[in-house]
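Quick note: the coordinates plus some simple rules give every number you see, no bench work behind them. Bear in mind the structure is a predicted one, so any value in this text is a computation, not a measurement. Neighbour counts run over all protein chains shown; Cβ positions are idealised from the backbone, glycine included.
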Amino acid sequence: MRLALAQIGSGTDVAHNLALIRAGFEDAAARGADLLLFPEYAMYEKKVVDSSFADAAQPVDGPFATALGDLAREHRIAVIAGMVEARPDGGRPYNTLVGFDADGTPAGRYRKIHLYDAYGFRESHWISRPEPAEPVVMPVAGARVGVMTCNDLRHPSLAAGLSAAGADLLAVCASWVPGPQKVEHWRVLTAARAIENVIVTAGVCQAPPVSIGTSLVVDPMGVSLGELGADPGMLCVDVDVEATARQRERAAM
């Protein structure tokens, strides 16, 4: 599988963000990608989560997600991307990842479980936790992709559960809050989830100033297969989706 990570800098203009996503699809298609990952809050993002996220929220069959599915079908590339999902009851929205296979078929929806309430941030003040909390493995591009969102990366049990559920790739879509040592935390935690679960782990992140960039892919032994810097860009890596099973067999010897 050729895996593409689109490191973009989303803002509060949903139409502009969709233009960035469309450009990402065009770039990924030119590189022959099979699966394209976009960051958390690719649809709508700003420095601090606030009440405007509820105003921007859309249902998973709304214009943003529909456009994602259309782009997947047009370019024949599976996609996973972050959006702000409206609740039917009008309550606080969800921080959601949606996936579509290369024919535009919906592959799943994951609502972020571990909201970021640390270092002065209170995501849970504005965003709902899913009840019940449901880990999700999406069947896309011929692979079983276990999905996590940003702060989920700090919770080993979620990655372990996705691995046990049959994922052969972990995709972490993030908007990692900047700060002292945060880039190193991102690298170390991504590698840790890969090593402890013996699984390829890909982390795609929003670009500065909202986030840290540094999108990366780590193999089951913790070896980096590629990493971006801070600027917006595209990381494209060939991933052997059978590597997880082979490495696990070797680890069990």
(request) Express the Stokes-Einstein translational diffusion coefficient of the chain in µm² s⁻¹, to the nearest whole number, given a Kirkwood radius over alpha-carbon pairs, 10 °C and a viscosity of 1.306 mPa s. (result) 90
(request) Report, in whole Å, the centroid distance computed from the Cα atoms of the stretch 1-58 and the stretch 144-193. (result) 18
(request) Select from the stretch 83-121 those chymotrypsin sites (Phe, Trp or Tyr not before Pro) which occupy a DSSP coil region and have at most 13 other Cβ atoms within 10 Å, ordered by residue number. (result) TYR119
(message) Please list 3J(HN,Hα) in residue order for the stretch 121-127, calculated via the Karplus relation 6.51 cos²θ - 1.76 cosθ + 1.60 where θ = phi - 60°; whole Hz, with x for glycine and proline.
(response) 8, 9, 4, 5, 6, 10, 10
(message) To the nearest 20 Debye, how big is the dipole of the stretch 1-81 about its Cα centre, given +1 on the beta carbon of each Lys and Arg and -1 on that of each Asp and Glu?
(response) 260
(request) As a check on your grasp of the helix formula, calculate [θ] at 222 nm for the chain: sum -39500 (n - 2.57) over DSSP H runs of n ≥ 4, divide by the residue count, round to the nearest 500. (result) -8500 deg cm²/dmol
(request) First select every other residue whose beta carbon is under 12 angstrom from the beta carbon of SER163; then total the charges, Lys and Arg +1, Asp and Glu -1. (result) +1
(request) Go through the stretch 74-85 residue by residue and turn each phi into a ³J(HN,Hα) via Karplus (6.51, -1.76, 1.60, θ = phi - 60°); whole Hz please, and just put x for glycine and proline. (result) 4, 9, 6, 10, 5, 9, 10, 8, x, 9, 9, 9
(request) Return the whole-Å distance between the Cα centroid of the stretch 106-128 and the Cα centroid of the stretch 205-253. (result) 23
(request) Sum up the charges of everything whose Cβ sits under 12 Å from the Cβ of TRP186, counting Lys and Arg as +1 and Asp and Glu as -1, but leave TRP186 out. (result) +2
(request) Return the sequence-ordered ³J(HN,Hα) values of the stretch 8-17 in whole Hz as given by the Karplus equation 6.51 cos²θ - 1.76 cosθ + 1.60 applied to θ = phi - 60°, using x for Gly and Pro. (result) 10, x, 5, x, 9, 9, 4, 5, 5, 4
(request) Could you size up the charge dipole of the chain around its Cα centre, putting +1 on the beta carbon of Lys and Arg and -1 on that of Asp and Glu, and report it in debye to the nearest 20? (result) 400
(request) Return the long-range amide H neighbours of TYR44 (sequence gap of 5 or more, or a different chain), with a cut-off of under 5 Å between placed amide H atoms. (result) VAL84
